[in-house]
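Asks: Mind having a look at this structure? Questions to follow.
Nothing in this text is a laboratory measurement; each read-out follows from the coordinates by a stated rule. Because the structure is a prediction, the values reported are computed rather than measured. Cβ sites come from the backbone with ideal geometry, for glycine too, and all protein chains shown count toward neighbours.
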Amino acid sequence: GARVLDACAAPGGKTAHLLERDPSLRLTALDIDPKRLEAVHATLRRLQLRGDVRLMAVDAASARDEWWSGEPFDAILLDAPCSATGIVRRQPDVRLHRRAADIDALVKLQARLLDVLWAKLAPGGVLLYATCSILKAENAAQVEAFLARTPDARACPLPETFGHASGPGRQRLPGEGGGDGFFYARLLKGTD
């Protein structure tokens with residue numbers, strides 16, 4: 001099976017979905033918070049999902065690689081920490097608790113995650129970048145800046161059936177289709 005990394009895995013819904021779609025995956029799921037990683041384990045146990053899965057409480061943004069075998073991943077899912085402005089419809093207090101300094105720190109963390117994880121992706125591999133944000137700085141501008149500084153990265157076209165075009169990705173706004181707002185972009189690593 002393909003080697004897949006779920007870089008910010010808690011609470012485990014996406015990890016579970018990956019395993020449901022392809023039980024043969026060799027899946028590594030990381031989260032910085034050990035307690036939140038327990039939720040991933042509980043989700044997999046509740047859904048009776050088994051397979052070649054490693055759950056590790058590590059900081060995916062750290063340059064320290066003791067968790068990584070050195071074997072590149074075929075695909076990486078980065079559901080990056082973000083402002084959560086896309087879920088304000090369900091959690092209105094998000095508006096009250098976010099400050100400009102928080103956004104700046106999150107944008108820097110997202111950039112660091114992209115850079116650190118890109119080095120762990122195999123040539124020809126795909127990184128899916130996602131946030132539950134509606135802020136351009138965390139979404140289209142973040143991916144555009146990454147593409148500008150990363151010569152072996154290119155954005156893959158995405159189907160137009162979901163959300164609307166937003167730079168190199170797709171954006172869905174809160175309330176569209178009754179759901180939350182979020183952004184995603186698919187990035188391909190060159191083979192030369």
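Asks: Could you tally the net charge around residue 69, taking each other residue with its Cβ under 11 Å from the Cβ of residue 69, Lys/Arg +1 and Asp/Glu -1?
Replies: Values: positive: 3, 26, 54, 120; negative: 65, 66, 71.
Cβ neighbours under 11 Å give a net charge of +1.
Asks: Here's a follow-up. Give the range of the longest stretch in the chain that excludes all trypsin sites (Lys or Arg not before Pro) found in loop regions by DSSP and having at most 15 other beta-carbon atoms within 10 Å. The partial results should precede the final answer.
Replies: On the way: sites that count: 50, 64, 89, 90, 99.
For trypsin sites (Lys or Arg not before Pro) (loop position, at most 15 other Cβ atoms within 10 Å), the longest site-free span of the chain is 100-192.
Asks: Follow-up. Between the DSSP loop rule and a limit of at most 16 other Cβ atoms within 10 Å, which GluC sites (Glu not before Pro) in the stretch 100-180 are left? Let's see the in-between values first.
Replies: Details: sites: 138, 144, 160, 176; in loops: 160.
Taking the stretch 100-180 and a limit of 16 other Cβ atoms within 10 Å, the loop GluC sites (Glu not before Pro) found are 160.
Asks: Take every DSSP beta bridge whose two residues both sit in the chain, then give the antiparallel share in percent to the nearest 5. The partial results should precede the final answer.
Replies: Details: 15 of 34 bridges.
Beta bridges within the chain, antiparallel portion: roughly 45 percent.
Asks: Please give the net charge around residue 58, taking every other residue with its beta carbon less than 13 angstrom from that of residue 58, where Lys and Arg add +1 and Asp and Glu add -1.
Replies: -2
Asks: Could you size up the charge dipole of the chain around its Cα centre, putting +1 on the beta carbon of Lys and Arg and -1 on that of Asp and Glu, and report it in debye to the nearest 20? Walk me through the numbers before you get to the answer.
Replies: Details: 26 positive and 24 negative charges, 75 e Å.
The calculation lands at about 360 debye.
Asks: Let me ask something additional. Once each part is reduced to its C-alpha centroid, what is the distance from the stretch 95-122 to the stretch 6-46 in angstrom?
Replies: Spelled out, the Cα-based centre of one part sits 21 Å from the other.
Asks: Next up: How would you classify the stretch 3-189 from its alpha-carbon gyration tensor, with a ≥ b ≥ c the square roots of the eigenvalues: rounded for a/c under 1.5, else prolate if a/b is greater than b/c, otherwise oblate? Walk me through the intermediate numbers first.
Replies: Values: a/c = 1.42, a/b = 1.19, b/c = 1.19.
Rounded is the answer for the stretch 3-189, as its axis ratio a/c remains below 1.5.
Asks: Would you compute, from DSSP H runs of 4+ residues alone, the mean residue ellipticity of the chain at 222 nm, taking -39500 (n - 2.57) per run and dividing by the full residue count, rounded to the nearest 500? Each step should come with its number before you reach the end.
Replies: On the way: 5 runs with 56 residues, N = 192.
Per the formula, -9000 deg cm²/dmol.
Asks: For the chain, return all DSSP H helices satisfying: extent of Cα atoms along own axis at least 15 Å; mean Kyte-Doolittle hydropathy at least -0.5. Walk me through the numbers before you get to the answer.
Replies: Details: long enough: 34-46 (18 Å, -0.85); 100-118 (27 Å, 0.83).
Sorted by number, the helices that extend far enough and score high enough are 100-118.
Asks: Pick out which of 70, 86, 124 has the largest mean-square fluctuation in a Gaussian network model of the chain, springs linking Cα atoms closer than 10 Å.
Replies: 70
Asks: Computed over the Cα atoms of the stretch 34-119, what is the convex hull's projected area averaged over all directions, in nm²? Provide the component values of the computation, followed by the final result.
Replies: On the way: hull surface 30.2 nm².
Mean shadow area of the hull around the Cα atoms is 7.6 nm².
Asks: Now for a different question. Counting other Cβ atoms within 10 Å of each Cβ, which GluC sites (Glu not before Pro) in the stretch 1-85 have at most 10 and sit in a DSSP loop?
Replies: Numbers: sites: 20, 38, 66; in loops: 66.
Qualifying residues, ordered by number: 66.
Asks: Let me ask something additional. With +1 on each Lys and Arg Cβ and -1 on each Asp and Glu Cβ, and nothing else charged, work out how big the dipole of the stretch 1-43 is about its Cα centre, in Debye to the nearest 20. Before the final figure, lay out the partial values.
Replies: Values: 6 positive and 6 negative charges, 18 e Å.
Dipole about the Cα centre, nearest 20: 80 debye.
Asks: Find which of 51, 80, 11 sits farthest along the positive direction of the dipole of the chain, computed with +1 on the beta-carbon of Lys and Arg, -1 on that of Asp and Glu, about the Cα centre.
Replies: Of the listed residues, the answer is 11.
Asks: Right, another one. How much net charge surrounds residue 137 when only other residues with a Cβ under 13 Å from its Cβ are counted (Lys, Arg +1; Asp, Glu -1)?
Replies: Details: positive: 98, 108, 136; negative: 102, 104, 138, 144.
Net of charged neighbours comes to -1.
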